[in-house]
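Worksheet for the structure shown next.
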Number of protein chains: 2
Amino acid sequence: MPRVAYLGPEGTFAHQAVGLVRGIPGPIDAVPRRTVVSVVEAVEDGDCGFGLVPFESSVEGQVNLTVDVLVHDAERIQVCEEVVLAVTFGAYRRPGDEAAPTSVASHPVGLAQCRRYVHDLGVAARETSSTAEACRLVAESDEAGVVAIASPTAAARWGLVAMVDGVEDFPGAETRFVVVGTDAAPPTGADRTMFVLVPPHDRAGVLLRALEQLSGRGLNLSSIASRPLRVRLGEYCFLLVVDGHVADESVAGAFDALRDEGYSIKVLGAYPRWGSAP
Amino acid sequence: MPRVAYLGPEGTFAHQAVGLVRGIPGPIDAVPRRTVVSVVEAVEDGDCGFGLVPFESSVEGQVNLTVDVLVHDAERIQVCEEVVLAVTFGAYRRPGDEAAPTSVASHPVGLAQCRRYVHDLGVAARETSSTAEACRLVAESDEAGVVAIASPTAAARWGLVAMVDGVEDFPGAETRFVVVGTDAAPPTGADRTMFVLVPPHDRAGVLLRALEQLSGRGLNLSSIASRPLRVRLGEYCFLLVVDGHVADESVAGAFDALRDEGYSIKVLGAYPRWGSAP
């Protein structure tokens, strides 16, 4: 059974996203890991065939931890799939607990995405290592009025009941996850390519020139993140995602042209666009 | 005496950066605040004339919290100065404590930027709310072998002595801070302009077209951050910094042209480039 490492523990949004993966045939053995780095290491080391990590949120933007691991640390891994999950938070407590709220527990991201609700509750907030951990804490608490902000799945896993659903500040939020493995995915006709672009030393206009090479070949940019080269302030590399497969003539041609101009390119993978026909 | 809010507590890198500010005449009353949001609020509310917050690090990139406050929350404030601080961490303990290390305390960013040293110490790490707080903790501890990872300034403030200097993974790191006030700074001939660019709905190539407008007027881009519009995945606005003052014909002309093309632009300020003659 293929082993898929994910950012755990059990019941996280990443764990839910494992259920949406289509590119791995048959039943999956989902293996929780504590950090984004250790998910990627599990795949690099061969302990797991695949790994799944959050890449960007429609509210918080790209996940810097994931971007930095892909930019700086990834050696053997290839992004081979993307998965988009609708993200919603509810307020949950133990069955039978009808007391007025006395404290609220959640992961810092959960607290941040539900700032208004948490503020209106007006009780002390406690940060936990995951929303699943917040649910465990509430389930095992012997105090009344302790509230977890978490996903419906995590709450169900710990037998909690909803006080209010959909308590997030921005309803309709989504998170994009990426699946990493060690092989490239074949072209399907509706693909994306993720790559790191390191500009040549001559800096003026380097991003513009790169975008011109892509646009001149009809390639649409779907995501851009700038990350420091860690040498000097203001020197960046870029993590880009374009529509198209690295095996397509347009993508390969743009990469060749950029390399000729002194850019360095590290291809991190090509994979079917989420929502395209399987 | 002008009051300058900064990301506290006393002894943080932001506190040190207050000492580098040149645009506020006379002695300064430096006022610590607990979060980036509350620094900006102090200025918006009129409680402090100025505020100073970290904007980007040569190792960690743009500070998302600051970028989001500038993009989404800033109403009256204007960025009026930038300040660049060399960042170094040392390992500090109480005078006379010669015991082998038993634990290490620092802010998560300090622990992250000194990962190698912390790993080699091989003792338990404890996260604190600031590096200054780590120093206080060590100074007031009655255990032997407790080590703080902090700036030399924070260590001196708490009377600690250096075990090792310069324990960061990437020596030569710098952090850029910005000073916010309520007035624009006049042109000096060596300025920068910071602005938020929201692309028109027609999305293909919007970033490319914006960069062309800037580049066509000889404007060099010194920083770019993409932040989600919080509506749908893949819909971004951009926080850009270009060389030039918003009152310059080239900058004003580019903004006019972009507005004509349907972009929305919010100018966050113009200020002298760090390192240019005063």
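The numbers here are math on the coordinates, done by the rules we state, and not lab data. Just so it is clear, the model here is predicted, and its values are computed rather than measured. With ideal geometry, Cβ positions are generated from the backbone for all residues, glycine too; neighbour counts draw on all protein chains shown.
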For peptide A:213-219, what's the mean number of Cβ atoms from other chains within 10 Å of each residue's Cβ? 2
Quick one: which residues, 5+ away or cross-chain, put their amide H under 5 Å from the amide H of residue B:145? H built at 1.01 Å from N. B:99
I'd like the FRET efficiency for residue A:165 and residue B:72, computed as 1/(1 + (r/R0)^6) with the beta carbon distance as r and R0 of 22 Å, rounded to 0.05. 0.30
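How much length would be gained if the chain were fully extended between residue B:37 and residue B:182, taking 0.36 nm per residue of separation minus their Cα-Cα distance, in nm to one decimal?
Length gained, residue B:37 through residue B:182: 50.6 nm.
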Taking θ = phi - 60°, what integer Hz values does the Karplus form 6.51 cos²θ - 1.76 cosθ + 1.60 yield along region A:221-235, in sequence order, with x for Gly and Pro? 8, 9, 7, 9, 10, 9, 10, x, 6, 6, 9, 9, 4, x, 9
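Once the other residues with Cβ under 13 Å from the Cβ of residue A:55 are scored (Lys, Arg +1; Asp, Glu -1), what is the net sum?
Working: positive: A:176, A:192; negative: A:56, A:60, A:68, A:81, A:82, A:174.
Cβ neighbours under 13 Å give a net charge of -4.
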Sorted from shortest, what are the nm distances separating the label point of residue A:20 from equivalent points in the other copies, each placed 7 Å from Cα along Cα to C-beta? 4.2
Express in whole angstrom the spacing between the alpha-carbon centres of region B:1-17 and region B:105-180. 18 Å
Take every DSSP beta bridge whose two residues both sit in region B:1-96, then give the antiparallel share in percent to the nearest 5. 20 percent
Quick check on chain A: helices-only [θ] at 222 nm, where DSSP H runs of length 4 and up contribute -39,500 (n - 2.57) each and the sum goes over total residues. Nearest 500, please. -7000 deg cm²/dmol
From other protein chains only, count the Cβ atoms within 10 Å of every residue's Cβ in B:51-60, then give the mean. 3
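Using the beta-carbon distance between residue A:204 and residue A:115 and R0 = 56 Å, what value does 1/(1 + (r/R0)^6) give for FRET efficiency, to the nearest 0.05?
Values: r = 40 Å, r/R0 = 0.72.
It comes to 0.90.
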If amide H atoms are modeled at 1.01 Å from N in the peptide plane, then the residues at a separation of 5 or more from residue B:163, or on another chain, having amide H under 5 Å from its own are B:91, B:92, B:93
Cut-off 19 Å, label point 7 angstrom out along Cα-to-Cβ of residue A:127: give me the residues of region B:72-113 whose amide nitrogen falls inside. B:104-113
Give the calculated FRET efficiency between residue A:47 and residue A:86 to the nearest 0.05, with a Förster radius of 41 Å applied to their Cβ-Cβ distance. 0.85
Give me the net charge of residue A:39's neighbourhood, meaning all other residues with Cβ under 13 Å from the Cβ of residue A:39; Lys, Arg count +1, Asp, Glu -1. -2
Cβ-defined net charge surrounding residue B:252, 15 Å radius [Lys, Arg +1; Asp, Glu -1]: -2
